[in-house]
Amino acid sequence: MATDNRINFWRRNAKVPGRYPKDTKPKFNNIKTKKASSFHEFARSTNDAWDIDDEEDEEFLGTFNPAVSIPPGLHTTSSTQNQQHQAGDTESAVSHRTAPPRTDSPNLQDVQEEDTECKQVNGKVVKSSSDAHLNTSSVRSTLQKQQSLPVRPIIPLVARISDQNASGAPPMTVREKSRLDKFRQLLASSSTDLEELRKHSWSGIPREVRPITWRLLSGYLPANKERRELVLKRKREEYFRFIEQYYHSRTDEHYKDTYRQIHIDIPRTNPLIPLFQQPAVQEVFERILFIWAIRHPASGYVQGINDLVTPFFVVFLSEFVTEDMENFDVAALPLETQRNIEADSFWCMSKLLDGIQDNYTFAQPGIQNKVKALEELVSRIDEDIHNHFKRYEVEYLQFAFRWMNNLLMRELPLRCTIRLWDTYQAEAEGFSHFHLYVCAAFLIKWRKEILSMVDFQGLLMLLQNLPTIHWGNEEVGLLLAEAYRLKYMFADAPSHYKR
């Protein structure tokens, strides 16, 4: 009877991801689309938003100085001009994507007059009326875009669990206070019960105790409370010995290509968040990624690993920053604090990658197997979606490769990734195995939108630009609940996957 009730609950609950009533399936015409001969042909004809052009290559070569060494303390020299340029682009992008619609929009005549006055004050000369017309058209386009944005609250980068809902930021409830007390009780014991800690962490870790909980669940810290300070001191010193021993070799012929790729990828890491455009933060990431790469020659540095540093960095930074983390100046922290955050991020990222390193070895066999497993799983979960992809010649590798390579970090806001990783670290083989079911649940969440797309390019554009910008704790919780259900209903599906 209990089992029947649980099954009926999932069937009745319309909010569960992947549930779309059969009688309301979208109708679509049998349109004959132009077939793509191969994914590589499609990729060659499509511009990548992350492509780097010759100018960026020249800029890197012009600003990279092999003779630069680490000054006393922590920081290395970087191109401040380049960082300022990127920060400017970032601010523009952030304002475009997150600004709420204006209710006091001026009319175009007032805008044109104000624009003319600004030009006179700044000493700029309009050569012809066409210049003013172009400016007016630009303003009109901007206003239209702003007015088309949905009215949704801006959610902070990191917040308490109760603050991560897209519906707002309610105060901590009695239940959440009780959970926080339980965490503190577990953490204060002389030997933390890790199984009990995982059990409580599955549904989310309170912000106040997340840093220490992540260190424990990742295996970076021991359960024995008396040994923790000693282990932290030893591991942090060991990391900075690696810096002294290896970081100067980034200019060597053998490693310069690795360092160059890291240097290029760092500004692409969360480009819409000002925190990650700070030179001090980018230098931390460069050191972490370079040291990891040379200590793991089987894989070396692979694009995508740079994303995996950010959740750890943000969580460990949250111990010292309570508000406006997106714009916090990391360089203002004491040097010892900066060093501790950097070392802890390195070791926890290393622990994560130890479990999924086959994702990044030659030919990335781990990702290839996981994408095949996802295809097999979806074919059993939702045959309509699977056949829809086949009909329009969409290969799972074309969209799911990034889901596996970046652990959905490019698909979800960072605050959602942090909440997701609470569960991954609580779940047995969370990053290597449970992630498969999260990807399946995530795909089926967009069932209606997928089935309404009736061409190859439209499907790929949808799958690579899913609208999750306003997701919060509630949406991630539903996603994880559906993934948990799928795991226990279809655990035997990817027989070749779990080894």
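In this Cβ point-charge picture (+1 for Lys and Arg, -1 for Asp and Glu), the stretch 352-418 has a dipole of about 200 debye about its Cα centre. Length gained on full extension, residue 448 to residue 268: 61.7 nm, using 0.36 nm per residue less the C-alpha separation.
The alpha-carbon positions of the stretch 415-489 define a convex hull whose volume is 101 Å³ per residue. Restricting the calculation to Cα atoms, every distinct pair contributes to the Kirkwood radius of the stretch 355-498, found to be 15.4 Å.
Computed on the stretch 172-354, the Cα convex hull volume stands at 128 Å³ per residue. In this structure residue 198 has an accessible area near 70 Å², from a 1.4 Å probe over the protein heavy atoms. How big is the gap, in Å, between the Cα center of the stretch 245-296 and the Cα center of the stretch 393-440? After rounding, the separation between the Cα centres reads 24 Å.
From largest accessible area down, sort 370, 199; use a 1.4 Å probe on the protein chains.
Details: 370 15, 199 145 Å².
The most accessible residue leads, giving 199, 370.
Over the stretch 290-430, the fraction of Cα-Cα pairs per 5 Å bin, rounded to whole percents and listed from the shortest bin up, is 2, 8, 15, 18, 18, 15, 10, 7, 5, 2, 1, 0.
Which whole-number percent of Cα pairs in the stretch 383-454 have a distance greater than 18 Å? Result for the distance tail: 43 percent. The heavy atoms of residue 329 present about 80 square angstrom of accessible area, all protein chains included, probe 1.4 Å. In whole percents, the pair-distance distribution calculated for the stretch 271-345 from its alpha-carbon pairs, binned every 5 Å from zero, is 3, 15, 28, 26, 15, 8, 4, 1, 0.
The values are calculated or read from the model by the stated rules, or taken from the named source; none is laboratory data. All of these numbers come straight from a predicted model, not from anything done at the bench. For neighbour counting, all protein chains shown are included, and Cβ atoms are generated from backbone atoms with ideal geometry for every residue, glycine included. When the accessible area is computed, the model is the full protein with side chains, heavy atoms only, and any ligands, DNA or RNA have been set aside. Shrake-Rupley method; radii C 1.70, N 1.55, O 1.52, S 1.80 Å.
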